Amino acid sequence: MGMGLALDIGGTKIAAALVADDGQLSERQQIVTPRGDAAQLAAALETLVSPFRQRVDFIAVASTGIINHGRLTALNPANLGGLADFPLQECIRSVADLPCVLLNDGQAAAWAEYQALNGECDNALFVTVSTGVGGGIVWNKKLLVGQHGLAGHIGHTSSDPQGPLCGCGRRGCAEGIASGTAIGAATQEWEQPVNAAQVFEMARAGHTPAENIVQRSATSIASLLADMHITLDLDIAILGGSVGLAEGYLQRVKFAQRALPPLYRLPVQAACHRQDSGLLGAAMWARASL
Ligand SMILES: [Zn+2]
């Protein structure tokens, strides 16, 4: 298949990189996800894709939201600047007339991380804790995409039925408690509200309210892993995303797991491709499906 261009459209940034046959990434670049309308997203994608269109054989896209028949729908519209329904495939095709494969970002990352396990297991869950909470499931060695692209949207499983209203319209979703957005929002009552990165910094410095917010997020993820494990009988969970990979977060998830009965403690480890799982997974999926 030659050289591919992979894109990873997230709630905060859009990354792009060339991906060679052997999975080597090069010319990685990143822009801030526009928080406006569809025209702004289309313009941002054109800026990223057009310099590469003569140099690649295919385009692979991992994107936040539901990918269904070439369209992107935001399950939680707040994560994509109010973008509810976007013709992603058509938009990419209008910039570069190349074979183009789309996949949800959690599903893409799950695929890349599962390949990195080198056949050690058949059933794995990927969880990303970032602007939102997402995921992907590999079951019996196969990536679950779902007939409507929904499979693996584990951030919208219920963490607390009395919890805050989620952007998806449901109350108490894991995303509304564990995500970076939720971590920042939990400081709204403070005299000086801060963002998720600052909450982590303060927690590291021994600030108790900040520590409680981070631990509440990690506890919600430990509970999510337990629910997924008891539903699917998994071998392993892999944790990614800017919050999931933040220093000390994985340890906090493991700490929360210790409060659960042993059967629910699904082994969990950090994503080996770090922030590149989505880019790599989309490219691998495209090579396998084109
Ligand atoms: Zn939700």
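In the stretch 90-109, the residues that are touching a residue at least 40 places away in the same chain (Cβ under 8 Å) reach residues that are assigned to a helix (DSSP H, G or I) and β-branched (Val, Ile, Thr) with C-beta atoms within less than 8 angstrom, at least six apart or across chains, in these pairs: Ile92/Val49; Val95/Val49; Ala96/Val49; Cys100/Ile92; Gly106/Ile154. Of the strands (runs of 3 or more DSSP E) lying entirely inside the stretch 11-102, those containing at least 3 residues that are away from the ligand (no atom under 16 Å from the Cβ) are 13-19, 25-32, 58-63. For first residues located in the stretch 159-183 and assigned to a loop (DSSP other than H, G, I, E, B), partners that are of a type in the set (Val, Ile, Thr) and lie 6+ apart or on another chain with Cβ distances below 6 Å form the pairs Ser159/Ile177; Gly163/Ile177; Ala174/Val133; Ala174/Thr157; Ser179/Val133.
What are the residues in the stretch 154-175 that are at negative phi, open to solvent by less than 40 Å² (accessible area, probe 1.4 Å), modelled with pLDDT of 95 or more and within 9 Å of the ligand (Cβ to nearest atom), if any? Matches in the stretch 154-175: Gly155, His156, Cys173, Ala174, Glu175.
The values are calculated or read from the model by the stated rules, or taken from the named source; none is laboratory data. What you see is a predicted model, and the numbers here were worked out from it, not measured in a lab. We place every Cβ from the backbone using ideal geometry, glycine too, and count neighbours over all the protein chains shown. All accessible areas refer to the heavy atoms of the entire protein, side chains included, with ligands and DNA or RNA removed. Shrake-Rupley method; radii C 1.70, N 1.55, O 1.52, S 1.80 Å.
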